[in-house]
Amino acid sequence: MTQAEPSTEPAAAGAMSRERERQLIDQLGSLRQQIDAELSQVIIGQKDVVRQLLISLLAGGHCLITGAPGLAKTLLVKSIAQLFDLKFNRIQFTPDLMPADITGTEVLEEDHAGHRTMRFIKGPIFANVLLADEINRTPPKTQSALLEAMQEHQVTAAGRRYVLEEPFFVLATQNPIEMEGTYPLPEAQLDRFMFNVLIDYLPEDDEVAVVTQTTSKSRHTVKPLFEGDVVREFHEVVQRVPVAEEVVRYAVRIASASRPGQKDSPAFINEYVSWGAGLRAGQNLVLGGKALALIEGRPYVSSKDIESLAAPVLRHRILPNYRAEAQGITVDNLIAQLLEHKGLKP
């Protein structure tokens, strides 16, 4: 691949210069091992999970985290916020949680002269990194308040709109085991999440290390390696990573083939899937591939990048039917089979 000549044209107003872009890429490259070392002192194991959350953060997406309680999801999210020096808030979602408990509310205040005014008190959603814990335990009306913030990066309270501070990154958790008293997320809200990240139990050696670490006096605090404002710049750098048309077509074909009834849909998709992935799946495959290439220090996106992110991008966008459930076929089984389908390979 030949290196392009640097542009002599002045950068557009508000646009990032090529020099600044190179500085950010070099900074990420020089700190890559330090990032892993810093997080590994707090988060033992779960390397794939950490990598997917970092990809989502750099790409400007939101994450849904699925896993049983007690797997250090809160610690993981808080540690990533500390790494980038971002403001972190956590909301415990419950059946009685109201939209105002998330967005904030207006209160009536009276000054010394007796004048009364309304003042808006910001809710916990006004943060850079928001952990929405057990999001499926609150009714749809409250979930919708988070939906607007995720899509528009703003909230509406008492008829007024309030813009959220950038960057704004939502990580929502849900427990796949306890379904009683839960409210499944609607498809429209699920589609707002870039990834659905699975957190599983650790191998024995890693679990021993966790128990040893958490039952001793020693505690490690993650040191900030970046300033919060740099995350917004990384979003632009990620978008600038070049990607070949054949790689984009591969991502689009994967998403399209997951939809039953399409011309090129495999037979097993037509047999076992009720609903397939939409347009955002292809977008997030490519955007995630760009962020992954940047993290690994590559100047291009490969088909392997697309394949490695297919599961977190697609698992909450493909709905298996009753036939699949009866036969024990999971959505991850379908995704793996989809990637092996010969008609999709670039």
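Figure legend. Inter-residue proximity from the stretch 327-346: first residues exposed (fewer than 12 other Cβ atoms within 10 Å of the Cβ), second residues at pLDDT below 95 and not β-branched (Val, Ile, Thr), beta-carbon distance below 7 Å, spacing 6+ or different chains. Indicated pairs: 343/264.
Suppose we keep only residues that are of a type in the set (Gly, Ala, Ser) and on the phi < 0 side of the Ramachandran plot within the stretch 101-143. Which one would you say is surrounded by the most Cβ atoms within 10 Å (Cβ to Cβ)? Selected residue: 132.
Could you pull out the residue among 299, 266 that is surrounded by 19 or more Cβ atoms within 10 Å (Cβ to Cβ), over 15 Å from residue 59 (Cβ atoms) and either in contact with a Leu (Cβ under 8 Å, 6 or more places away or on another chain) or at pLDDT below 95 (or both)?
Details: 299 fails: surrounded by 19 or more Cβ atoms within 10 Å (Cβ to Cβ).
From the options 299, 266, the qualifying one is 266.
Could you list, in sequence order, the residues of the stretch 234-260 that are in a helix (DSSP H, G or I), over 17 Å from the mean Cα position of the chain (by Cα), farther than 26 Å from residue 331 by Cβ and not hydrophobic (A, V, I, L, M, F, W, C)? Lay out the reasoning, then the answer.
Step one: filter the stretch 234-260 for residues in a helix (DSSP H, G or I), giving 234-240, 245-257.
Now restrict to residues that are over 17 Å from the mean Cα position of the chain (by Cα): 237, 240, 245-257.
Now restrict to residues that are farther than 26 Å from residue 331 by Cβ: 237, 240, 245-246.
Of everything in the stretch 234-260, those that are in a helix (DSSP H, G or I), over 17 Å from the mean Cα position of the chain (by Cα), farther than 26 Å from residue 331 by Cβ and not hydrophobic (A, V, I, L, M, F, W, C) turn out to be 240, 245, 246.
Do we find that residue 314 is buried (at least 20 other Cβ atoms within 10 Å of the Cβ) and within 22 Å of residue 188 (Cα to Cα) in this structure? Taking the combined requirement at face value, the residue satisfies it.
Considering only residues that are touching a helix residue (DSSP H, G or I) at 6+ places or on another chain (Cβ under 8 Å) and surrounded by 13 or more Cβ atoms within 10 Å (Cβ to Cβ), which ones fall in the stretch 219-235?
Within the stretch 219-235, 222, 224, 225, 226, 230, 231, 233, 234, 235 qualify.
Answer yes or no: is there a residue in the stretch 153-162 that is within 18 Å of residue 188 (Cα to Cα), at pLDDT 90 or above and surrounded by fewer than 22 Cβ atoms within 10 Å (Cβ to Cβ). The answer is yes; a qualifying residue exists.
Looking across the stretch 38-61, just one residue is surrounded by fewer than 22 Cβ atoms within 10 Å (Cβ to Cβ), assigned to a loop (DSSP other than H, G, I, E, B) and under 11 Å from the mean Cα position of the chain (by Cα), and that is 60. Residues that are without any contact (Cβ under 8 Å) to a residue 40 or more places away in the chain and not in a helix (DSSP H, G or I) are absent from the stretch 269-290.
When the residues of the stretch 236-263 are filtered to those that are under 16 Å from residue 288 (Cα atoms) and small (Gly, Ala, Ser), the one that is surrounded by the most Cβ atoms within 10 Å (Cβ to Cβ) is 251.
Of all residues in the stretch 182-201, those satisfying the criterion of being assigned to a loop (DSSP other than H, G, I, E, B), buried (at least 16 other Cβ atoms within 10 Å of the Cβ) and either within 13 Å of the chain's Cα centre (by Cα) or among the acidic types (Asp, Glu) (or both) are 191, 192, 193, 194. Pairs needed: first member in the stretch 18-46, under 18 Å from residue 81 (Cα atoms) and free of Cβ contacts under 8 Å to residues at least 60 places away in the same chain; second member anywhere, among the hydroxyl-bearing types (Ser, Thr, Tyr) and not in a helix (DSSP H, G or I); C-beta distance under 7 Å; at least 6 residues apart or different chains. If the second residue must be among the hydroxyl-bearing types (Ser, Thr, Tyr) and not in a helix (DSSP H, G or I), no pairs are left. Beta carbons closer than 8 Å, at least 6 apart along the sequence or on distinct chains, pair a first residue in the stretch 138-166 that is in a loop (DSSP other than H, G, I, E, B) with a second that is charged (D, E, K, R) for 153/166; 158/106; 165/87; 166/232. Any residue that is part of a loop (DSSP other than H, G, I, E, B), surrounded by fewer than 20 Cβ atoms within 10 Å (Cβ to Cβ), at pLDDT below 85 and of a type in the set (A, V, I, L, M) - is there at least one of those in the stretch 171-180? Within the stretch 171-180, one or more residues are part of a loop (DSSP other than H, G, I, E, B), surrounded by fewer than 20 Cβ atoms within 10 Å (Cβ to Cβ), at pLDDT below 85 and of a type in the set (A, V, I, L, M). All conditions in (1) more than 22 Å from residue 238 (Cα to Cα); (2) in contact with a helix residue (DSSP H, G or I) (Cβ under 6 Å, 6 or more places away or on another chain) hold for residue 71, with the sole exception of (2). If we scan the stretch 84-100, do we find a residue that is modelled with pLDDT of 90 or more, surrounded by fewer than 19 Cβ atoms within 10 Å (Cβ to Cβ) and of a type in the set (Ser, Thr, Tyr)? Looking through the stretch 84-100, at least one residue is modelled with pLDDT of 90 or more, surrounded by fewer than 19 Cβ atoms within 10 Å (Cβ to Cβ) and of a type in the set (Ser, Thr, Tyr).
The values are calculated or read from the model by the stated rules, or taken from the named source; none is laboratory data. Quantities reported herein were computed from a predicted structural model and do not represent experimental measurements. Cβ: placed from backbone, ideal geometry, glycine included. Neighbour counts: every protein chain shown.
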